[in-house]
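Here, each number is a calculation from the coordinates, and none is a lab measurement. Since the structure is predicted, the reported quantities are computational estimates derived from the model, not experimental observations. Please note: Cβ atoms are built from the backbone with ideal geometry, for glycine as well, and neighbour counts cover all protein chains shown.
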Amino acid sequence: HGFPVKGLRPPLWGLVAGLAGVALLFRALYTVDPNQVLWGDSFDSRLLYWTFEWGFHALFQSGHPLAFWHANQFFPVANSLAFSDSLLGAQAIYSPLRLLGLGILPAIYATLATITVIGCCVSDVALHRLGFASGPDRLALVLGAHFGLPMTGFLYHYQLFGFELLPPFLLFFYLWLRDLRQQDLVASAAL
């Protein structure tokens, strides 16, 4: 019966690359309680912890979801989250995990891992559209794009996991420039 979207193949090579890369990147958490370990330095990781949990609190706990932008991040400046990285898109993954009862740190780690796997899978889809029919070729390209030194050299800056969406963004933007297909522009903008 095939994949549910006509002309789209399942991104199996991207999934393999994403799961393997995440398993390697998160290996330090295998032997510890992830509820007790703040991975990274004491600057960005603490800011990410606060930003993720503030977003969850504002959207789901406070009863005032529009207060999302009223964070006290740069107190006493009002609405200061509007001037910073809100990571609002990450709430689509983080908040459901928190609502299911997952602790703050495990939910953060699961969100970051999920974003990474999604980026790898979408890159695989774009590479297939670009004509890379060979699965091993796409695997090598996805591994290099998502887990090469330019990406992994700055992992201690948690929020840079959002850059895992950069390779597929660039690929779909190129596809839009090449083919002028509206869905490629939509995919690029969504990423």
So, in nm, how far is label Leu12 from label Gln36 when the simple model puts each one 7 Å beyond its Cα toward the Cβ?
4.2
How much FRET efficiency would the formula 1/(1 + (r/R0)^6) give for Ala28 and Trp50, where r is the Cβ-Cβ distance and R0 is 30 Å, rounded to 0.05?
0.85
Going residue by residue through the range 44-56, the Karplus relation 6.51 cos²θ - 1.76 cosθ + 1.60 with θ = phi - 60° gives ³J(HN,Hα) values, rounded to whole Hz and with x marking Gly or Pro, of 4, 5, 5, 5, 5, 3, 5, 5, 4, 6, 4, x, 4
